[in-house]
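Below is one structure, written out as structure tokens; comments come after it.
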Amino acid sequence: MRPFAALLSVLILVLGLSGAADAAQARAPQQSPAAIRAPVGFGPQRTERIEAELVAMSAWAAPGSTAVVAVRQKIAPGWHTYWRNPGDSGGATSLDWTLPSGATAGEIVWPAPERQRLMSLMNYGYSDVVYLPVPIEVPASARPGSVLPLKVEALFLVCSDEMCVPEPLTLALDLPVREGAAPLDAAHGAAVERTLTQAPRPAPIQARITQEGQALTLSATGGPLAEGPVAWAWFFPFKGGVIDHAAVQPGVAGPDGLSLTLTAGRGLTPEVLAQGIEGLLQTDRGAWSVTAQAGPALEGASGGAALADPEAKTTSGAWSLGGLLQAALLALLGGLVLNLMPCVFPVLAMKAAALARGAHDRAEARRDGVMFLAGVLVAFAVLAGVLLGLRAAGQAVGWGFQLQSPMATGALTLLMLAVGLNLSGVFGMGAGLQAAGSGRFSRLPGGTGAFFTGVLAVVVAAPCTAPFMAAALGAALVMPWPAAMAVFLMLGLGLALPYLAVSLTPGLLDRLPRPGPWMERLRGVLAFPMYATAAWLLWVFARQTGAEALGLLLIGALFAAFGLWLVGINQARRAEGGTAVVSAVAAALSLIAAVAVTAVAARIAPDPAAETATSGAALASQPWSPQAVQAALSEGRPVLVNFTADWCVTCKINERTALSSPRLARAMEQANAVYLVGDWTRRDDAITRELERHGRSGVPLYLLYRPGQAEPRILPQLLTDGLVMDQLKP
């Protein structure tokens with residue numbers, strides 16, 4: 001449990017248990033005293049946040065039997081109560097019984113809880129309507145025809161995203177006593193019985209917990225787990241703090257059970273681990289109470305398919321056709337706007353040059369437009385498939401995840417260098433297939449060139465998110481994979497649509513300039529945006545790794561340039577009818593060396609002293625964390641959060657312009673605001689979860705928190721200092 005949340009929860013509970021009704025009333029002055037502590041009564045007892053009553057499962061109870069009664073909660077929208085382990089904050093419902101002589105009350109039979117995410121915290125509890133069944137031992141001396149008076153002092157901690165209020169209510173029920181088996185209570189009997197039937201119960205399941213550093217492996221086999229495949233699973237510990245409640249729980253199925261990967265919590269000590277971890281194992285086939293003893297993983301608990309994300313199981317099925325169409329439309333608009341983002345500027349120039357080259361031949365222009373669209377869609381499909389596959393395997397990834405890998409950044413650096421050298425005429429692509437074409441050093445020829453340009457557009461655009469696009473991708477990542485793939489393809493259609501529209505419109509083609517010698521000069525000019533992109537990727541690589549790795553990557557780039565220069569020499573000799581075996585072998589060895597050196601550089605561990613994301617110099621920043629946000633809000637200070645990455649061009653432009661403005665720095669100081677930076681340059685699962693919580697799959701994301709407001713305001717992805725200053729105003 002986080003220190004601040006824990007302290008707040010304990011304080012609220014202590015105040016509630018010691019009669020802090022007046023304090024609660026002071027926080028909500030519109031609440032009447034009668035609502036704070038309802039008088040003893042039968043039937044529903046109400047406050048502004050919760051309605052509760054004591055109900056029976058059966059119409060009567062027989063002497064000497066076990067009757068089941070339940071505390072029924074009807075919780076107001078936007079509020080919730082808590083499970084036996086409330087998670088990272090909150091407090092469990094408590095019951096204090098007053099019973100006739102000889103009658104005893106058992107423990108609450110807790111239904112499986114809901115996961116309630118609040119920022120980076122995860123709580124366990126209930127919303128809407130829930131029944132908490134309790135067994136009551138009826139004394140054998142109870143006389144048939146009498147009633148068994150039951151009374152309970154219930155304390156509910158009822159919370160929203162903004163505040164928590166202790167709600168003490170006194171509930172009462174006169175349970176009739178009769179001989180014989182009783183039918184279900186007409187009003188609530190079926191609901192209580194259903195709750196008991198679905199409640200977690202012990203089962204012949206063997207469970208083990210294995211720790212390696214902060215990673216815990218929970219393996220479980222036997223009993224109902226061996227009767228059929230499990231699609232998803234989640235583990236709720238009975239004791240708080242033994243695991244990180246908010247961390248993902250990726251898992252795999254096995255022939256006899258399943259295996260989950262958990263993250264150790266601050267309360268997990270060697271002594272606690274030695275005693276075993278008790279908890280609730282919830283799956284799509286049922287929920288059971290298990291005790292995981294410390295020891296090696298069980299055989300038969302792994303080796304099968306990855307389990308689905310249980311947090312997405314409820315939302316994925318809730319997507320209607322209307323929701324899919326809305327997300328697809330947003331993706332289409334986002335793809336269109338993506339053409340205007342800084343990441344795509346180098347490719348835009350190449351697209352314009354290709355259009356001008358094909359303007360004299362409408363059939364060629366149509367072919368190039370369709371092939372460019374095909375390249376974009378194929379690249380998006382591959383990228384989306386990898387992203388969705390990693391997420392299904394339990395990885396916390398988002399848009400642009402590939403650039404969090406130094407190996408991917410290094411490889412893209414060499415690719416951008418190769419494209420620039422190609423445009424500069426150092427070597428040709430497909431020269432052997434185009435001897436009769438437009439020259440021995442033609443660049444990106446025909447349909448193949450258009451297809452490659454489409455792929456390249458997606459590669460270069462991958463670090464960017466655009467308006468509309470962010471919401472669409474955030475929605476897609478909780479959809480079933482066919483719907484998610486459709487959204488990604490609509491994003492690709494939006495990116496390619498302007499080029500395709502011009503290619504298929506004769507009137508627009510006629511207005512384009514005719515090809516001529518200027519085309520060769522233009523291609524040479526277009527090489528320099530690609531060199532600039534390669535230089536930027538070099539800088540990102542250095543931020544991810546360090547100076548030693550950067551030096552190796554520069555050597556790899558030198559090998560690549562030398563190898564491609566030799567390729568161009570060989571192409572020229574073949575065009576003249578000659579051969580060059582030695583230079584061909586040397587070119588191949590140089591290119592292999594470039595790849596090998598890049599792979600070695602990418603494996604060098606990052607320099608812990610190196611800083612990653614930096615904001616503008618005018619704003620003093622602190623690292624983002626949920627605790628830092630809450631600490632600032634508790635002091636009554638606004639909080640501006642910048643989720644950024646060094647490979648995000650839009651992020652860097654915003655930071656060098658709007659967020660480095662002296663005017664904004666003065667406004668932040670006057671507002672006593674705190675500026676927090678969340679760096680996503682390298683993988684950070686906490687930031688990934690925070691992005692997901694706000695419906696985003698990538699950076700940039702700008703949040704403005706205000707004291708007293710439950711949720712932050714999401715700022716646009718393209719910032720000006722005036723826009724941020726306006727948002728800072730009360």
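The values are calculated or read from the model by the stated rules, or taken from the named source; none is laboratory data. Quick caveat: nothing in here was measured; it's all calculated off a predicted structure. With ideal geometry, Cβ positions are generated from the backbone for all residues, glycine too; neighbour counts draw on all protein chains shown. The accessibility values were calculated without ligands, DNA or RNA, using every heavy atom of the protein model including side chains. Shrake-Rupley method; radii C 1.70, N 1.55, O 1.52, S 1.80 Å.
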When you scan the range 279-289, do you find a residue that is open to solvent by 10 Å² or more (accessible area, probe 1.4 Å), among the small types (Gly, Ala, Ser), in contact (Cβ under 8 Å) with a residue 40 or more places away in the chain and not in a strand (DSSP E or B), even just one?
no
Return a yes/no flag: does the range 132-139 have any residue that is more than 32 Å from the chain's Cα centre (by Cα), assigned to a loop (DSSP other than H, G, I, E, B) and not acidic (Asp, Glu).
yes
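The rows are residues; the columns are (1) modelled with pLDDT under 75; (2) in contact with a helix residue (DSSP H, G or I) (Cβ under 9 Å, 6 or more places away or on another chain); (3) of a type in the set (A, V, I, L, M); (4) open to solvent by less than 60 Å² (accessible area, probe 1.4 Å).
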| site | (1), (2), (3), (4) |
| --- | --- |
| Leu473 | yes, yes, yes, yes |
| Pro498 | no, yes, no, yes |
| Leu509 | yes, yes, yes, yes |
| Pro513 | yes, yes, no, no |
| Glu520 | yes, no, no, no |
For the range 521-537, does any single residue satisfy the condition of being on the phi < 0 side of the Ramachandran plot and outside any helix (DSSP H, G or I)?
no
So which residues in the range 636-652 are in contact (Cβ under 8 Å) with a residue 40 or more places away in the chain and not β-branched (Val, Ile, Thr)?
Gly636, Arg637, Pro638, Leu640, Asn642, Phe643, Ala645, Asp646, Trp647, Cys648, Cys651
Look through Ile555, Ile604 and report the one residue that is at pLDDT 75 or above, part of a loop (DSSP other than H, G, I, E, B), within 41 Å of the chain's Cα centre (by Cα) and closer than 23 Å to Ala535 by Cβ.
Ile604
Scan the range 498-518 and tell me whether some residue there is under 30 Å from Asp646 (Cα atoms) and part of a helix (DSSP H, G or I).
yes
Can you tell which of Ser590, Ser583 is free of Cβ contacts under 8 Å to residues at least 24 places away in the same chain, surrounded by 14 or more Cβ atoms within 10 Å (Cβ to Cβ) and of a type outside the set (A, V, I, L, M)?
Ser583
Quick one: which of Val248, Val165, Val158 is part of a strand (DSSP E or B) and at pLDDT below 90?
Val165
How many residues are in contact (Cβ under 8 Å) with a residue 60 or more places away in the chain, open to solvent by 10 Å² or more (accessible area, probe 1.4 Å) and under 22 Å from Glu635 (Cβ atoms) if we restrict to the range 709-730?
6
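Here is a yes/no grid of residues against (1) under 31 Å from the mean Cα position of the chain (by Cα); (2) in contact (Cβ under 8 Å) with a residue 60 or more places away in the chain:
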{"residue": "Asp185", "(1), (2)": "no, yes"}
{"residue": "Thr195", "(1), (2)": "no, yes"}
{"residue": "Pro202", "(1), (2)": "no, yes"}
{"residue": "Ala207", "(1), (2)": "yes, yes"}
{"residue": "Thr210", "(1), (2)": "yes, yes"}
{"residue": "Gln214", "(1), (2)": "yes, no"}
{"residue": "Val230", "(1), (2)": "yes, yes"}
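A quick yes/no check of all residues on (1) open to solvent by less than 30 Å² (accessible area, probe 1.4 Å); (2) in contact with a strand residue (DSSP E or B) (Cβ under 7 Å, 6 or more places away or on another chain); (3) on the phi < 0 side of the Ramachandran plot:
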position	(1), (2), (3)
Gln670	no, no, yes
Tyr675	yes, yes, yes
Asp679	no, yes, yes
Thr688	yes, no, yes
Val699	yes, yes, yes
Leu703	yes, yes, yes
Pro707	no, no, yes
Entirely in the range 638-715, the helices (runs of 4 or more DSSP H) that have 1 or more residues that are within 16 Å of the chain's Cα centre (by Cα):
685-693
Just a yes or no: is a residue in the range 268-277 out of contact with any Pro (no Cβ under 9 Å at 6 or more places or on another chain), open to solvent by less than 40 Å² (accessible area, probe 1.4 Å) and not in a loop (DSSP other than H, G, I, E, B)?
yes
Among residues belonging to the range 526-569 that are free of Cβ contacts under 8 Å to residues at least 40 places away in the same chain and farther than 27 Å from Ala645 by Cβ, point out the one that is least open to solvent (accessible area, probe 1.4 Å).
Gly563
From Ala112, Ala70, grab the single residue that is over 24 Å from Leu173 (Cβ atoms), among the hydrophobic types (A, V, I, L, M, F, W, C) and either at pLDDT below 95 or in contact with a Leu (Cβ under 9 Å, 6 or more places away or on another chain) (or both).
Ala112
Can you tell me which of (1) open to solvent by 20 Å² or more (accessible area, probe 1.4 Å); (2) under 21 Å from Val192 (Cα atoms) is the one Arg143 doesn't meet?
(2)
Looking at (1) open to solvent by 50 Å² or more (accessible area, probe 1.4 Å); (2) within 30 Å of Leu388 (Cα to Cα); (3) at pLDDT below 85, which one does Asp646 not meet, given that it meets all the others?
(1)
Inside the range 653-668, the number of residues satisfying the requirement of being surrounded by fewer than 23 Cβ atoms within 10 Å (Cβ to Cβ), in contact (Cβ under 8 Å) with a residue 60 or more places away in the chain and not charged (D, E, K, R) is 6
Quick one: which residue in Gly78, Gly102, Gly106, Gly87 is open to solvent by 50 Å² or more (accessible area, probe 1.4 Å) and modelled with pLDDT of 90 or more?
Gly102
Lone qualifier among Asp174, Asp185, Asp128 - being of a type in the set (Asp, Glu), touching a helix residue (DSSP H, G or I) at 6+ places or on another chain (Cβ under 8 Å) and either open to solvent by 40 Å² or more (accessible area, probe 1.4 Å) or at pLDDT below 90 (or both)
Asp185
